[in-house]
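The next block holds one structure in the form of structure tokens; read it before the comments.
The values are calculated or read from the model by the stated rules, or taken from the named source; none is laboratory data. Note that the structure is predicted; figures quoted are calculated from it, not measured. Cβ placement follows ideal geometry from the backbone for every residue including glycine, while neighbour counts extend to all protein chains displayed. Surface areas here come from the heavy atoms of the whole protein model, side chains and all, with no ligands, DNA or RNA. Shrake-Rupley method; radii C 1.70, N 1.55, O 1.52, S 1.80 Å.
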Amino acid sequence: QLENGFKQLENSKCKFERDCREAEKAAQTAERPDQDTDATKADVEKAKQQAHLRSHMAEESKNEYAAQLQRFD
């Protein structure tokens with residue numbers, strides 16, 4: 001049971017780290033079309049929505065990881 005809990009904790013940690021990297025990458029990607037004069041308004045909005053979605057996913061992963069940490073203690 002302890003080993004299973006540790007695996008879940010590690011999986012949550014990896015997902016959290018991956019989601020954070022993806023959120024950071026999406027935020028950087030969203031800045032590019034906003035500064036590009038050739039980008040359409042739709043491109044800018046799509047990039048911003050993607051960044052928001054990734055940020056939300058990272059926040060959910062953080063909460064799940066925190067919950068796993070509390071359970072594991």
Check: Tell me, which residue of the range 1-12 that is touching a helix residue (DSSP H, G or I) at 6+ places or on another chain (Cβ under 6 Å) and either at pLDDT below 90 or not polar (S, T, N, Q) (or both) is nearest to A67 (Cα to Cα)?
Finding: L9
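T37 - would you say it is open to solvent by 80 Å² or more (accessible area, probe 1.4 Å), at pLDDT below 95 and hydroxyl-bearing (S, T, Y)? Please lay out each step first, then the result.
Details: open to solvent by 80 Å² or more (accessible area, probe 1.4 Å): yes; at pLDDT below 95: yes; hydroxyl-bearing (S, T, Y): yes.
Answer is yes for this residue.
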Next item on the list: Just name the residue that is farthest from G5 (Cα to Cα) out of those in the range 60-73 that are touching a residue at least 60 places away in the same chain (Cβ under 8 Å) and of a type in the set (A, V, I, L, M, F, W, C).
Entry: L69
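In the range 26-59, what count of residues is obtained for those that are assigned to a helix (DSSP H, G or I) and without any contact (Cβ under 8 Å) to a residue 24 or more places away in the chain? Steps first, please.
Residues of the range 26-59 assigned to a helix (DSSP H, G or I): 26-35, 41-59.
Now narrow it down to the ones that are without any contact (Cβ under 8 Å) to a residue 24 or more places away in the chain: 28-35, 41-49, 52, 56, 59.
Total satisfying the criteria: 20.
If we keep just the residues of the range 1-16 that are under 14 Å from the mean Cα position of the chain (by Cα) and open to solvent by less than 80 Å² (accessible area, probe 1.4 Å), which is nearest to V44 (Cα to Cα)?
Selected residue: F16.
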Notebook entry, point to check: What pairs can you find where one residue is in the range 1-17 and farther than 23 Å from M57 by Cβ, the other is surrounded by 12 or more Cβ atoms within 10 Å (Cβ to Cβ), and their Cβ atoms are less than 9 Å apart, with a gap of 6+ or different chains?
Noted result: L2/F72; G5/Q68; G5/F72; F6/F72
